[in-house]
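Report on one structure; see the data block that follows.
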Amino acid sequence: VRADVAEADRRYEVREAARSWQRAAAVDEETRKKIDAAFPDDRNRLGPVFRVLVFGFSLVVLQSAMGIAGLVFAAAGESVAAFVFFLFGLGLAGLTEAQLGSLKRRQGGTEAATAFLAVVLIIGTLLWLISHSSKPGDRVLVDTALILTAIVLGAAAWRWGYSIFAVVAAICVFVLLARGPFGRLVWMVLPLALAPALLRVADSARMAPSHRRSCEAIALVALVFLYLAVHVGSWDLGVVEMLNGFFDHIERPPSPMRTFCAVATALVPLSTVAWGIGTRRRSLIGLGFVGVLASLVTLRIYVHVAPLWVALIGGGAIAIGLALLVRRYLDSGPAQERHGFTAEAVFTDPEGRSALEVAASVATFTPAARPVPQPGFEGGGGRSGGGGASGEF
Amino acid sequence: VAIRLNAAVTGLLFVGLGYALVRTDRKAHFEPLAAHLGWLLVLASILSGIGEGGSAGAAFQLGLLAVGSGLAVHAYRAGRFSLFGMGLVAAYIGLTALAASAVPDPFLGFLWFIATGGGVLVALLVAHHKIKARKVES
């Protein structure tokens with residue numbers, strides 16, 4: 001990351017922390033203003049909604065400009081058009097640099113849009129040029145695409161500090177490693193070494209804030225791949241082997257490895273939760289609980305204890321019950337705290353939490369598309385009526 | 001048509017519920033959820049009709065433009081930027097669908113996106129600047 005951007009990000013982090021302290025009544029407005037004055041932010045930033053809108057409309061404008069360029073240069077041939085798009089990508093990378101540098105933009109939407117299109121164009125056109133000049137086979141082309149994407153996105157993440165680029169680059173590296181001779185083994189071993197090291201780096205004050213976030217995000221990606229490697233369903237279906245080109249059904253007889261995977265499917269998410277609780281890291285706890293949920297669904301697939309809807313409702317009810325129990329346990333401690341944990345929403349952004357609630361509700365309340373009954377269908381007169389609805393026809 | 005009408009009416013009921021929660025000061029913290037879900041349903045129900053042919057499609061496009069613009073203006077004045085974003089995007093889709101059906105040429109289409117997209121970008125940055133200035137004043 002550019003030194004001036006890293007410095008601005010550090011100051012922004014302090015100001016944001018001060019805002020959350022004020023919201024939690026840990027400091028008063030006077031103190032927050034003093035902190036703001038001590039850590040001035042020279043960047044032009046937008047709020048989350050404006051940022052997303054500006055990002056979207058910037059993409060609309062830039063892609064339309066590329067569309068016109070495509071129409072103009074299409075007559076000159078595909079190679080010329082590809083070369084023009086490559087130059088376009090380099091130009092957008094330069095524009096991103098200018099915005100982050102002299103124009104002092106950060107979290108403004110436009111620089112993220114130019115950065116995104118720059119990497120897409122550079123990767124796309126280079127791949128096109130490679131595939132048309134040397135005509136490699138499918139396997140080489142896929143490997144080349146993964147390597148190229150990992151390098152370009154990794155460099156972009158390092159220079160501009162976008163965690164999403166780092167995440168996609170890490171995914172490409174893991175998929176590439178799965179295409180080697182010991183793919184599953186590498187997915188098991190590498191995260192065990194990589195995740196703790198990256199999380200230590202993510203706590204280092206010497207790193208720029210954006211790089212710290214990227215390190216934490218890559219650590220989480222590594223843990224996801226560890227879970228995929230040891231997941232019993234992934235073992236049975238040969239998911240990792242599919243990435244190596246083996247799409248035929250793999251017959252796996254019962255073996256110690258399968259038993260190990262079955263146990264690890266349960267243990268890896270629980271260990272992640274325990275690790276998160278031990279290190280007070282919310283991202284690990286969240287990821288661990290998602291893994292626990294996935295493992296419970298896996299258990300339901302292998303062991304038919306009840307219909308899926310019963311298992312889901314039961315699981316949800318147990319989760320709510322556990323949350324209430326934990327809350328009551330923490331609340332009953334001295335100063336509503338036990339072992340350094342509290343159920344109080346301290347220093348958390350209420351706007352962000354509210355947005356999360358809205359997003360979760362939209363996702364869960366949105367019904368799946370239902371087939372429209374064809375004319376001629378005659379039901380037997382199903383009964384309906386609120387909670388007592390019956391599915392009998 | 002029935003599903004669309006169902007969704008629109010349900011959406012309006014949700015918006016009304018949110019309004020009532022605030023007016024009666026009962027569980028007012030649920031208002032954002034009700035308002036966002038309600039407007040999402042209303043806009044989605046209109047959006048689902050813009051692909052229809054003839055005057056029906058044009059009516060839905062116009063409707064999306066009108067409802068989206070109204071929501072965007074009202075939400076901007078109330079300082080509710082997530083609803084403002086929903087309204088703005090809906091209005092832009094409505095306007096663009098109207099323009100696309102009138103001018104099917106790809107070159108003019110790209111020019112349309114550059115001009116209108118650029119216009120919206122400038123308007124957004126100006127609006128943000130004004131909000132920031134208003135915050136500093138207050």
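Please give the length that would be gained between A:L293 and A:F39 if that part of the chain were fully extended, namely 0.36 nm times their separation in residues minus their C-alpha to C-alpha distance (nm, one decimal).
Full extension from A:L293 to A:F39 adds 87.2 nm.
Summing +1 for each Lys or Arg and -1 for each Asp or Glu, what net charge is found among the other residues whose Cβ lies under 11 Å from the Cβ of A:W235?
Result for the local shell: +1.
Could you give the accessible area per residue of the stretch A:1-124, probe 1.4 Å, as a whole number in Å²?
Result: 46 Å² of accessible area for each residue.
In the protein assembly as shown, if the dipole is taken from +1 on Lys/Arg beta carbons and -1 on Asp/Glu beta carbons about the Cα centre, which of B:Y92, A:A76, B:L71 is farthest to the positive end?
The residue sitting farthest along the positive end of the dipole is B:L71.
What is the calculated FRET efficiency for A:V72 to B:V9, with r their C-beta to C-beta distance and R₀ = 41 Å, to the nearest 0.05?
0.25
Show me, bin by bin at 20 Å from 0, the whole-percent P(r) of chain A based on Cα pairs.
Using 20 Å bins, I get a P(r) of 19, 48, 30, 3 for chain A.
Using Cα pairs closer than 8 Å and at least 6 residues apart in sequence, work out the relative contact order for chain B, in percent.
Answer for chain B is 16 percent.
Would you kindly derive the ³J(HN,Hα) couplings of the stretch A:269-274 from the backbone phi angles with the Karplus curve 6.51 cos²θ - 1.76 cosθ + 1.60 (θ = phi - 60°), listing them in order in whole Hz, with x for Gly and Pro?
Result, rounded to whole Hz: x, 5, 5, 5, 4, 4.
Kindly provide the trypsin sites (Lys or Arg not before Pro) of the stretch B:1-57 that DSSP labels as loop, not H, G, I, E or B, and whose Cβ sees at most 15 other Cβ atoms within 10 Å.
B:R26, B:K27
So, in Å, what gap is there between the alpha-carbon centers of the stretch A:108-126 and the stretch B:1-76?
So the separation of the two Cα centres works out to 34 Å.
Hey, got the average number of other protein chain Cβ atoms within 10 angstrom for residues in B:120-132?
Partner-chain Cβ atoms within 10 Å, mean over residues of B:120-132: 4.
Would you kindly derive the ³J(HN,Hα) couplings of the stretch A:132-138 from the backbone phi angles with the Karplus curve 6.51 cos²θ - 1.76 cosθ + 1.60 (θ = phi - 60°), listing them in order in whole Hz, with x for Gly and Pro?
Once rounded to whole Hz, the list reads 8, 8, 9, 6, x, x, 4.
Near A:L199, within a Cβ-to-Cβ distance under 13 Å, what is the net charge of the other residues, with Lys and Arg +1 and Asp and Glu -1?
+4
Shielding by partners for B:69-76, please: the mean number of other protein chain Cβ atoms within 10 Å of each residue's Cβ.
Whole-number average of other-chain Cβ neighbours for B:69-76 is 0.
Restricting to DSSP H runs of at least four residues, report the calculated mean residue ellipticity at 222 nm for the protein assembly as shown, -39500 (n - 2.57) per run over all residues, nearest 500 deg cm²/dmol.
Calculated from helices alone, the mean residue ellipticity at 222 nm is -26000 deg cm²/dmol.
Which residues' amide hydrogens lie under 5 Å from the amide hydrogen of A:R105, considering only partners 5 or more residues apart or on another chain, with H built in the peptide plane?
Sorted by chain and number, the residues that satisfy this are A:N44, A:L100.
DSSP loop chymotrypsin sites (Phe, Trp or Tyr not before Pro) in the stretch A:246-344 with at most 15 other Cβ atoms within 10 Å of their Cβ, which ones?
A:F246, A:F247
I want to check the label-to-label distance for A:F182 and A:S133. Put each point 7 Å from Cα in the C-beta direction and report it in nm to one decimal.
Distance between the two pseudo-spin positions: 3.6 nm.
Tell me the label-point distance for the pair A:V189, B:A66, using the 7 Å Cα-to-Cβ offset, in nm and rounded to one decimal.
Result for the modelled spin labels: 6.8 nm.
Output the relative contact order of the stretch A:54-202, whole-number percent, from Cα pairs under 8 angstrom with separation of 6+ residues.
Once normalised by length, the contact order is 18 percent.
Evaluate E = 1/(1 + (r/R0)^6) for B:R134 and A:E337, where r is the Cβ-Cβ distance and R0 equals 51 Å; express this FRET efficiency to the nearest 0.05.
0.80
Take every residue in peptide A:325-332, count the Cβ atoms of other chains within 10 Å of its Cβ, and give the average of those counts.
Rounded to a whole number, the mean comes out at 0.
Between the DSSP loop rule and a limit of at most 15 other Cβ atoms within 10 Å, which chymotrypsin sites (Phe, Trp or Tyr not before Pro) in the stretch A:77-183 are left?
Answer by residue number: A:F182.
For the stretch B:93-102, just list the computed ³J(HN,Hα) in residue order, Karplus coefficients 6.51, -1.76 and 1.60, θ = phi - 60°, integers in Hz, with x standing in for Gly and Pro.
5, x, 5, 5, 5, 4, 5, 5, 6, 7
Restricting to Cα pairs below 8 Å that are 6+ residues apart, what does the relative contact order work out to for chain A? Please round to a whole percent.
Answer for chain A is 11 percent.
Express in nm, to one decimal, how much length is gained between A:A155 and A:L90 on full extension, taking 0.36 nm for each residue of separation and deducting their alpha carbon distance.
Result for the pair: 22.0 nm of gain on full extension.
Total accessible area buried between chains A and B, 1.4 Å probe, in Å² to the nearest 100?
2100
The values are calculated or read from the model by the stated rules, or taken from the named source; none is laboratory data. Everything numeric in this text was worked out from a predicted model, so none of it was measured. In this analysis, Cβ positions are derived from the backbone assuming ideal geometry, glycine residues included, and neighbour counts consider all displayed protein chains. Just so you know, the surface numbers come from the protein's heavy atoms only, side chains and all, with ligands and any DNA or RNA stripped out. Shrake-Rupley method; radii C 1.70, N 1.55, O 1.52, S 1.80 Å.
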